[in-house]
Amino acid sequence: MPAEDGLRISIRFATAADGPRCADIFLHGRRAAFSWQPEDRFGLDDYYDCVDGEEVLVAEAGGGVVGFISVDVADRFIHNLFIAPLWRGRGIGSALLREALALLRGSAELACASRNAAARAFYEHNGWTPVPAAETGGDAEPLVVYRKSAL
C-alpha cells in the first residue's frame, strides 16, 4: 500500500514479536506528545497495559515496524496511534487510521489531549470531527473526542 508520498508500507495485525518495537515507539511518542508531563511518568511496560484486549495493527516500511494503532473493537474506539519520529509526515498515520476504520466497518471515536495541537491538527486534516464530550473530572487531562464514519 503506498502512503501519501509514494512510500510502500504494509499494514498487518501485530504479533507478540512486535511488542518490544511498539513499546519503544509508544514510550518515545508519549514523551514527545505529552512534553508537559515528567519523562519518568512513562515506561516501556505502559504499552502492554494500554493495548491489552485491543486489536493492534502495525505499519511496516523500510524493513521494520514504524508505527502502530490500537483499536477497542467492542467500544469502536481508537485508543493509540503512534509513529516512529523518523517516519512521521509520510502518510503512515493516515494509512493506519484508514485500516482501523475498515476494521470497524462503521463509525469510530478517538480522543486526544486538548493540549496536543499537532495530534488535533492531524486528526482534523484526516476528516475527524470534534464532538461534544462529557467533562473529565479531577486531575484528568482535558480531552477532545473525535468521530468519523468509515469511508
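Computed from the coordinates by the stated procedures, all read-outs in this text should not be read as laboratory data. Everything numeric here is computed off the predicted structure, so don't read it as measured data.
Please identify, among A74, A16, A100, the residue showing maximal mean-square fluctuation in a Gaussian network model of the chain using a 10 angstrom Cα cutoff.
Evaluated over the chain, the most mobile residue of the options is A16.
Could you work out the helix-only [θ] at 222 nm for the chain, with each DSSP H run of four or more residues adding -39,500 (n - 2.57) and the total divided by the number of residues, to the nearest 500 deg cm²/dmol?
Values: 4 runs with 43 residues, N = 151.
Value at 222 nm, helices only: -8500 deg cm²/dmol.
Report the relative contact order of the chain, percent, no decimals, based on alpha-carbon pairs under 8 angstrom and at least 6 residues apart.
Working: 236 pairs, mean separation 30.1, N = 151.
So the answer I get is 20 percent.
Please report the orientation-averaged projected area of the stretch 1-79, defined via the convex hull of its C-alpha atoms, in nm².
On the way: hull surface 24.8 nm².
The number I arrive at for the stretch 1-79 is 6.2 nm².
Jot down the radius of gyration and Dmax of the chain, Cα atoms only, both in angstrom.
When restricted to the Cα atoms of the chain, Rg and Dmax are 14.8, 45 Å.
Cα gyration tensor of the stretch 39-79, axes a ≥ b ≥ c as square roots of the eigenvalues: rounded (a/c below 1.5), prolate (a/b > b/c) or oblate?
Values: a/c = 2.53, a/b = 1.05, b/c = 2.40.
Since a/c reaches 1.5 but b/c is at least a/b, the shape of the stretch 39-79 is classed as oblate.
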